[in-house]
Amino acid sequence: MPDPEITDEPADVVIEGREVLARGFRPYERVRARHADGDIETRDVLRAAAAVAVLPIDLARDEVVLIRQFRLPAQLANGTGDLVEIVAGHVEANESARETARRECIEEIGVAPQALIELFSYLTSPGLIDEEITLFLGIVDATRAALAQGGEREASALLRVPIDAALSALAAGAVRNGPLVVALQWLALNRHRLAEIARTGAVSP
């Protein structure tokens with residue numbers, strides 16, 4: 001069991017008000033919260049909510065399936081907006097996280113996972129956005145992967161790379177997309193257990 005001293009827990013606050021400042025791809029709100037000691041905290045929050053990311057692995061070929069996609073905020077941040085990424089997307093109102101993960105794999109790399117194993121969830125930038133990503137391991141046949149033809153095509157390239165090459169890119173700091181970095185860090189720690197995790201669906205040792 002995790003140490004309760006280092007475990008996230010509910011805060012003793014009351015949300016007293018929300019004001020929508022802007023509506024775009026996602027709503028941007030000003031939120032007013034009252035703490036138990038009476039202090040008032042007001043923050044502007046981008047409401048992105050639940051999302052998923054999938055690390056697609058071909059166990060037979062020891063490969064990771066990645067995509068390349070342009071991200072304007074990354075270009076503004078450091079001039080390298082053509083990012084290497086894993087499959088990811090936001091959960092729709094009528095979907096579970098697992099359903100979204102499967103749909104996004106089909107839409108982004110053209111193949112449904114043979115197995116989807118939920119790994120963990122994390123907050124991407126909790127000081128600014130309420131987005132919480134659930135990361136899945138997706139077992140795929142990389143030979144069937146392909147970019148979607150027709151309709152909305154976001155990715156500019158599909159990359160089938162050896163696991164060793166992906167981990168080397170991580171170690172060299174060549175990739176900086178958050179979900180990819182988190183997923184590859186998990187892979188580095190658990191690579192020796194991939195076959196067992198895929199067979200049993202159990203993530204904890």
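Quick note: the coordinates plus some simple rules give every number you see, no bench work behind them. Every value quoted in this text rests on a predicted model; they were computed, and no experiment measured them. Because the Cβ atoms are built from the backbone with ideal geometry, glycine has one as well, and the counts that use them run over all protein chains shown.
Annotation for the range 10-82: chymotrypsin sites (Phe, Trp or Tyr not before Pro) lying in DSSP loop with at most 13 further Cβ atoms inside 10 Å of their Cβ are Phe25. The residues packed around Glu95, meaning those with a beta-carbon under 14 Å from its beta-carbon, carry a net charge of -1 if Lys and Arg are +1 and Asp and Glu are -1.
Modelled spin labels at Asp39 and Ser204, positioned 7 Å past Cα toward Cβ, are 3.5 nm from each other. Dipole magnitude for the chain: computed about the Cα centre from +1 point charges on Lys and Arg Cβ and -1 point charges on Asp and Glu Cβ, it is near 720 debye. Each part reduced to its alpha carbon centroid, the range 90-127 and the range 1-71 end up 15 Å apart. Loop-resident trypsin sites (Lys or Arg not before Pro) (DSSP state other than H, G, I, E or B) in the range 116-192 with no more than 12 further Cβ atoms inside 10 Å of their Cβ: Arg153.
Cβ-Cβ distance of Thr143 and Arg176, R₀ of 30 Å, FRET efficiency by 1/(1 + (r/R0)^6): the value works out to about 0.55.
List the GluC sites (Glu not before Pro) within the range 61-97 that fall in a DSSP loop (any state other than H, G, I, E or B) and whose Cβ has at most 12 other Cβ atoms within 10 Å. When the GluC sites (Glu not before Pro) of the range 61-97 are filtered for loop state and at most 12 Cβ neighbours within 10 Å, Glu92 remain.
The order of Ile40, Ile163, going from fewest to most other C-beta atoms within 10 Å of their C-beta, is Ile40, Ile163. Note on Asp82 and Ser125: their simple-model spin labels are 2.3 nm apart, each label 7 Å out from Cα toward Cβ. Potential lengthening of the chain between Ala112 and Glu5 amounts to 34.5 nm, from the contour at 0.36 nm per residue minus the alpha-carbon distance.
Among 4-11, 111-118, the peptide with the highest mean count of other Cβ atoms within 10 Å heads the list, and the full ranking is 111-118, 4-11.
Packing here is the average count of other Cβ atoms within 10 Å per residue, and on that basis the peptides 125-134, 179-188, highest first, run 179-188, 125-134.
In this structure, the amide hydrogen of Glu63, modeled 1.01 Å from its nitrogen in the peptide plane, lies closer than 5 angstrom to those of Asp58, Ile163, counting only residues at least 5 positions away or on a different chain.
Put simply, the amide H of Ala115, placed in the peptide plane, has neighbours under 5 Å in Ile139, leaving out anything fewer than 5 places away on its chain.
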